[in-house]
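Quick notes on the structure that follows.
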Amino acid sequence: MKNQIKLLAFLVPLMFISCEGNNVEPTLFPQGEGFFILSEGNFMAGNGSVSFYSLITGEIYNELFKTRNSRPLGDVPTFIATDGTTGYIIVNNSGTLEAVDMFTMKSLGTVTGLNSPRQMAISGRRGYVTSLASSELTVVDLDLMEISHQIDIGCTSEAVLISGQKLFTSNWVAGDRIVVVDLETEEISGSVTTGTEPESMVFDKNGKLWVLCTGGYMQDLPKLVRINTVNYEKEAEMTFGSVSDYPSSLTVNGSGDTLYWLHEGVRMMPVSSTSLPDEAFIASGERLFYDLGAGAGGRIFVTDAIDYQQKGDLLIYDSRGELEDIEQAGIIPGFIRFMTDW
Amino acid sequence: MFKRSSAYIVPFKVSRNTMTAALLSLLIAVAQEAGAQDMFIEDTVNISAVTVTATASKRQTPYTVISIDRTLIAGHHENDLATLLMYATPVSVKRYGNHGLASVSVRGLPGSHTTVTWHGLTVNAAGNGYTDFALIPLHAASSVKITPGGYDLSDISGSIGGKVELSSDPLFHTGFYGSVAAGAGSYGDYAASAVAGSGGESVSSRLSLWGGKARNDFLFINGNAAEGAREERRTNSSAASGGATADLAFRTGGSTVAAHLWYNNAERELPGPVTTVQQDFGERQTDRSLRSVISYSLEKEKISAGITAGGTSDVNLYYHENPEYNGDNRSSFIMLRARLAYRPNGKSELGINAGNEYQSAQSLSFAETERRNIFSTSLIARFNPGSRVRLLLQARQMLVTGMVLKPEFTAGATVMLSPDGGQLLKASVSRNTRLPCLNDLYWVPGGNGSLRHENATGGEASYSYVRVASSGLKNSLDLVLHATRVNDLIQWIPGVTGIWSAGNVRSVNVYGIEGRLGTEVPVNELVISSHLNYAFTRTEIAASEIPNDRAVGKQLIYVPGNNFNLNLDLRWKMLRAGAAAVCQGRRYTTSDNSEWLPPSLLADARLGAVLPAGATKIGIDIDVKNIFNSSLESVRNYPMPLRTFNLRLTISFIKKNEENEESD
């Protein structure tokens, strides 16, 4: 009994010491170079999550949003747009847009009522949100964190990029074109017919728009298309070999000179190439590759969703395509957003 | 990659010659069930407006058969079958919110592994293989029986999770009876029903009608709201349903002809999940079904025989705010089965069953109407080598379009530890099969025509005790140990294209303990009865063909390790009161068991009275559900209501004619 009293006398002051404190929010992950990963979570389960992989420590830090805000992020987060140190996370099946402090992951506000949002591009203090279900782009006032208005583009939309005053968005599901919107007038200024179901797109170092078309499910031959963003003409069109091919997740490295995408592994192609690569740069083997990112120095980061019902993996490959490390991420890890110089 | 091959499916053509031959062969087939000699207690129970005496025992069967006490069925008369099973049996119920789709997991296997039959007709939809237990009102049957596992091979095809049998036995010598009931409850919940029937010397008839609607905009706690936990009101969740059953039976000598008809219609809005925000996609669903069965049975000295024919037509229409996602799924069965049993002496019985089931399903997601024919024949032998030992052997061979199947078997023994059969030791082993449903085979995209059937090998051992004292005290206890290995479990998993497809990807080991305890204590005019069920179930993924699958060694999702329920009823003169509780342990929601629903407790209470007025009785009951106002989810993000109230008025009468009074 005497010992217990002594222990209590020792512990009680410690409790007060530990409760004193500064108001600085503890960091959940090390600052510095790395990337965020959005894990979609189980469809309709609302357990999407945010992870950070630090290129400095070589470790992954999971469940950042839930840990910071004591609530889940929502159902199927698909995209992060950034503006300085503020991130805007699109949560597709919850129909929400979460603004967060990227350093702390603290929620700064939520926009609700978005119709199946997919991705967002920022111009000024406006966010342009694509929709899988609506033929309108939703414009969000990022200062007020509320929906401002809609722009009718006549089709559903998926990927979105802005170059100057031009917004390019892809008409993915059952579509076959890129729609261009003039941001000054917010009216359609053109469109480019690509291939069936343009799923992902990037700008290269030359300002060219590369579009990866999946071909739909067993429908048409997939295509990789290069578009001139000035005159909207197709400069190159490379066709895959079979309708059963299903390429996805086109991305580009930081220097904009090499394209990567998923197709029976990871495919790699210089932007100067005139033909598709014959073989995968990284074979998927037994893995179920879900999404990827291309980092500095040629390192490739691929997510593996396993069975879509458990926590997936982040696979880290070196510039030669050798597997360096495996880290466990959230459920259905997908979108990757690199953070440099922050 | 999945492989879709309709080439493997040979459409079954119904020709007159084939049907005639089948009929003739079935007519000479042999049977078993009706020949089973029930030798134990008789339970006198009340159902709705009438009192019947029913033989209760399937206890001699060497595997578990649970007959739900009819007082429990009567206590849940206005509920659906899912609610009854949740409160009265060791199964676990998974429900997508109040009035939402409900599936029943028996012994740790998914709801698609539970077969439901109504008078021997399969109720599961041919397309997805599921039965939505929320769409089965208890008006549709007066008897509910559960056989866990796939031990019973007397049906045309099998299940490896378990079987739920619904039926309404003909009631002879009852006179004319009827009842009307009306109820109202929280959140615009209204229900009404009417039953009218008569039972004479040789004819029994009954007509049941029911209908109900619920606004169902209940309050719940959204614990994940961006602003912090707050009370919200459910939207897009109304439900309405109605239906009718008609039963007609005629008997003469040892022969009985019975016909049954069941029409059901349900319209439901489908509320979305609550994933920080309450999602609402304007979804709704219509389910319509028409089922009919006609049967003939014969009991004559050493022979019993029966023939049953039936058909079902199910329509499931799904609507979404985006019409591209709308669904139109239709399926139907035609079934013909026969049985014949021969008892050469008091010690043995030989029987044969044969039957054919023709399935058809069409969907917007099928390339064409898909069809499948299942023919099976099963043999059964019962032998009593001594006065206290019962042996059972069953074997079944299925012939299925496009599949090659091994024979299934069950072997079991029952030993009476006491001369009166009050204490039994039972053991069974079985090997059985579950066929993939038509969606597994033909859904576009993802259906896999190369799927193998699932197969299960397992056994159970049990102790059963029943004692009925002259004082009226009744006690029963059942303890069951069970273990099963299921190979080639069919699951839908994503492929490299992101398209989900069906595959035989995992194997599971299921083992557990079940305990059932029942007691009824009469104390002067007070009768106290209680039923308790407990199940410990471990359904462990034993092997997987999914690369890097961390689910191996983990519990299957939504299978509670511990499941407990308790029903307590008190009857004193005109008054009746009761309480019920369901407690479920942790239910994992991810295959690697990294996330779960917490343990839950749902408790209800009810109070009522029956006021006699000559041949008429007036009953009034009030129910309080979720008395502790617990925030509950059966499926993640699909909340159940907080505390609700329901008031019900029942008027019933029975008029016995002279003939019936004499025979009584």
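Worth a mention:
- Search result, residues across the stretch B:322-366 that are in a strand (DSSP E or B) and closer than 14 Å to B:L438 by Cβ: B:N329, B:R330, B:S331, B:S332, B:F333, B:E357, B:Y358, B:Q359, B:S360, B:A361, B:Q362, B:S363
- When B:S428, B:S360, B:S365, B:S464 are checked against the criterion of being on the phi < 0 side of the Ramachandran plot and either surrounded by fewer than 16 Cβ atoms within 10 Å (Cβ to Cβ) or within 14 Å of chain A (Cβ to nearest Cβ) (or both), a single residue qualifies: B:S365.
- Verdict on B:G458 being within 14 Å of chain A (Cβ to nearest Cβ), in contact with a Phe, Trp or Tyr (Cβ under 9 Å, 6 or more places away or on another chain) and not hydroxyl-bearing (S, T, Y): no
- Residue check, B:Y442 crowded, with 20+ Cβ neighbours inside 10 Å, over 25 Å from B:T377 (Cα atoms), of a type in the set (F, W, Y) and away from chain A (no Cβ under 14 Å): yes
- Applying the condition of being more than 19 Å from B:T174 (Cβ to Cβ) and not acidic (D, E) to the stretch B:610-626 and asking which residue is surrounded by the most Cβ atoms within 10 Å (Cβ to Cβ) yields B:K625.
- Exactly one residue out of B:A581, B:A609 is in a strand (DSSP E or B), under 26 Å from B:P522 (Cβ atoms) and within 25 Å of the chain's Cα centre (by Cα): that is B:A581.
- Residue check, A:G293 away from chain B (no Cβ under 14 Å) and at pLDDT below 95: no
- Within the stretch A:35-71, the set of residues being of a type in the set (S, T, N, Q), surrounded by fewer than 22 Cβ atoms within 10 Å (Cβ to Cβ) and outside any loop (DSSP other than H, G, I, E, B) comprises A:S54, A:T67, A:N69.
- Candidates B:L607, B:L570, B:L601, filtered to the one that is touching a residue at least 12 places away in the same chain (Cβ under 8 Å), touching a Cys at 6+ places or on another chain (Cβ under 8 Å), surrounded by fewer than 18 Cβ atoms within 10 Å (Cβ to Cβ) and on the phi < 0 side of the Ramachandran plot: B:L601
- Filtered by the rule that a residue be within 14 Å of chain B (Cβ to nearest Cβ) and closer than 18 Å to A:T85 by Cα, the stretch A:31-65 gives A:V50, A:S51, A:F65.
- Qualifying residue in the stretch B:473-482 (condition: of a type in the set (S, T, Y), buried (at least 16 other Cβ atoms within 10 Å of the Cβ) and within 24 Å of the chain's Cα centre (by Cα)): yes
- Of the strands (runs of 3 or more DSSP E) entirely within the stretch A:131-193, those holding at least 3 residues that are of a type outside the set (V, I, T) and closer than 17 Å to A:I90 by Cα occupy A:136-141, A:146-152.
- Residue within the stretch B:453-473 that is assigned to a loop (DSSP other than H, G, I, E, B) and closer than 24 Å to B:V116 by Cα present: yes
- If the condition is being more than 12 Å from chain B (Cβ to nearest Cβ) and within 20 Å of A:P222 (Cα to Cα), then the stretch A:255-271 contributes A:T258, A:L259, A:Y260, A:W261, A:V266, A:R267, A:M268, A:M269, A:P270, A:V271.
- Meets criteria (outside the structural domain of A:T96 (by TED's automatic domain parsing), surrounded by fewer than 20 Cβ atoms within 10 Å (Cβ to Cβ) and not in a loop (DSSP other than H, G, I, E, B)) for A:I122: no
- Here B:N216, B:N224 are screened, and the one residue that is within 14 Å of another protein chain (Cβ to nearest Cβ), not in a strand (DSSP E or B) and not charged (D, E, K, R) is B:N224.
- Every residue from the stretch B:312-326 that is more than 14 Å from every other protein chain (Cβ to nearest Cβ) and either of a type in the set (A, V, I, L, M) or surrounded by fewer than 14 Cβ atoms within 10 Å (Cβ to Cβ) (or both): B:V315, B:L317
- Of all residues in the stretch A:309-338 being surrounded by fewer than 21 Cβ atoms within 10 Å (Cβ to Cβ) and either aliphatic (A, V, I, L, M) or at positive phi (or both), the one that is nearest to the other protein chains (Cβ to nearest Cβ): A:I326
- Residues of the stretch B:67-78 include none that is modelled with pLDDT of 95 or more and surrounded by fewer than 24 Cβ atoms within 10 Å (Cβ to Cβ).
- Only residues that are touching a residue at least 12 places away in the same chain (Cβ under 8 Å) and assigned to a loop (DSSP other than H, G, I, E, B) were counted in the stretch A:72-102, giving 10.
The values are calculated or read from the model by the stated rules, or taken from the named source; none is laboratory data. Owing to the predicted nature of the structure, the values given are computational and were not obtained by experimental measurement. Cβ coordinates were reconstructed from backbone atoms using ideal geometry, including for glycine residues, and neighbour counts include every protein chain displayed.
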